[in-house]
Amino acid sequence: MKLATLKAGGRDGTLVVVSRDLLRCQPVPAIARTLQVALDDWDAVAPQLQEAYAALNNGAARHAEPFDERLCHSPLPRAYQWADGSAYVNHVELVRRARGAELPPSFWTDPLMYQGGSDSFVGPRDPIYALSEDWGIDLEAEVAAITGDVKMGATPAECAGAIRLLMLVNDVSLRNLIPNELAKGFGFFQSKPATAFSPVAVTPDELGDAWQGAKVHLPLVVHLNGQPFGRPNAGVDMTFDFGQLVAHVAKTRELEAGSIIGSGTVSNKQGGLHGSSIENGGVGYCCLAEVRMYEMIEGGAPKTSFLKFGDRVRIEMADAEGGTIFGAIEQTVARYPG
């Protein structure tokens, strides 16, 4: 099943069921006006949404309309919880190595996690706003799960069973603001602006065999200014699966339906800068920081700049037949007009 939220209909938008090929959609106000309403009563609502989804794919929907990703908000325009992990330890290792820091052994057994701002996400085609290029604007392409209710102390298996939907993420980082924040010992805040999610959220069964072990075993494709930038496989080198990530959050608290848990930047272990870029036969990257890390490690200084105003980022994922699964996050970096 595929679901999206159109911007029309107030701050939380209007829930629509989307056809498998992302060509048509249908509002379902009689079932659930918003995605959060659906998640709050998922066991009762999901079968009704599934019926509407089947009718839409079979051409039997009465009120189908063309689906336009440009009209979408993030599937949850705001959420009760947005916690982002760093499940690809290769990414963490590179970050630390670039600044001469060792990777603590615990990083392989205990996930990193930060709590992001969830009061206001941005749509998948909205700009990446910033006041200054000097902040070090960077993309971070990820996968995220939306959960149902999760009890405190739930096991990874129980947490995997509570995953309702999956999405793609652009979790923008302001790299030049991060060091001073981390030096205070209290984590990210100003360095993590509003996050964008893919136009469409899908139930795990939509991925078929690509959803195994609570991981998405498909390449995450990133383009930067129209050029291929990354296609690492999200199921490879993921040290902690989504069941483990959700369980980490639930260790000391309950999670409410509609909580979003991110994978962190997707990253595959590669053989250095010249062997890892797409133009050299590698799988590329999901953030600019990794390119700069390799440059620093191999050459002593980074050469690649962070994002500038006017730069364009595109993030998507395709199925085995080449069809887009979640639609595309496609954003342009822009100076904040306010």
Among the listed residues 209, 237, 149, 241, identify the single one that is among the charged types (D, E, K, R) and on the phi > 0 side of the Ramachandran plot. 237
Just to confirm my filter: which strands (runs of 3 or more DSSP E) fall fully inside region 5-110 and include at least 2 residues that are of a type in the set (A, V, I, L, M) and modelled with pLDDT of 95 or more? 14-18
Return yes or no: is residue 173 under 26 Å from residue 313 (Cα atoms), among the polar types (S, T, N, Q) and in contact with a Pro (Cβ under 7 Å, 6 or more places away or on another chain)? no
Can you find a residue in region 280-287 that is without any contact (Cβ under 8 Å) to a residue 40 or more places away in the chain, open to solvent by less than 10 Å² (accessible area, probe 1.4 Å) and within 28 Å of residue 97 (Cβ to Cβ)? yes
Just one listed residue, out of 40, 68, is surrounded by fewer than 20 Cβ atoms within 10 Å (Cβ to Cβ), within 25 Å of the chain's Cα centre (by Cα) and either over 18 Å from residue 164 (Cβ atoms) or aromatic (Phe, Trp, Tyr) (or both), and it is 68
Applying the selection to region 122-141, what residues are out of contact with any Pro (no Cβ under 6 Å at 6 or more places or on another chain), of a type outside the set (Ser, Thr, Tyr) and not in a strand (DSSP E or B)? 123, 125, 126, 127, 131, 133, 134, 135, 136, 139, 140
Please work out if residue 93 is open to solvent by 70 Å² or more (accessible area, probe 1.4 Å) and either within 30 Å of residue 183 (Cα to Cα) or in contact (Cβ under 8 Å) with a residue 12 or more places away in the chain (or both). no
Would you call residue 51 open to solvent by 40 Å² or more (accessible area, probe 1.4 Å), without any contact (Cβ under 8 Å) to a residue 60 or more places away in the chain and touching a Cys at 6+ places or on another chain (Cβ under 8 Å)? no
The condition of being part of a loop (DSSP other than H, G, I, E, B), at pLDDT 95 or above, charged (D, E, K, R) and open to solvent by 30 Å² or more (accessible area, probe 1.4 Å) holds, among 253, 314, only for 253
Quick check on residue 269: is it closer than 25 Å to residue 175 by Cβ, surrounded by fewer than 21 Cβ atoms within 10 Å (Cβ to Cβ) and in contact (Cβ under 8 Å) with a residue 12 or more places away in the chain? yes
Any hit, region 176-184, residues being crowded, with 19+ Cβ neighbours inside 10 Å and part of a strand (DSSP E or B): no
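The values are calculated or read from the model by the stated rules, or taken from the named source; none is laboratory data. This is a predicted model, so every value here is computed, not measured. No Cβ is skipped: glycine too gets one built from the backbone with ideal geometry, and neighbour counts run over all protein chains shown. Just so you know, the surface numbers come from the protein's heavy atoms only, side chains and all, with ligands and any DNA or RNA stripped out. Shrake-Rupley method; radii C 1.70, N 1.55, O 1.52, S 1.80 Å.
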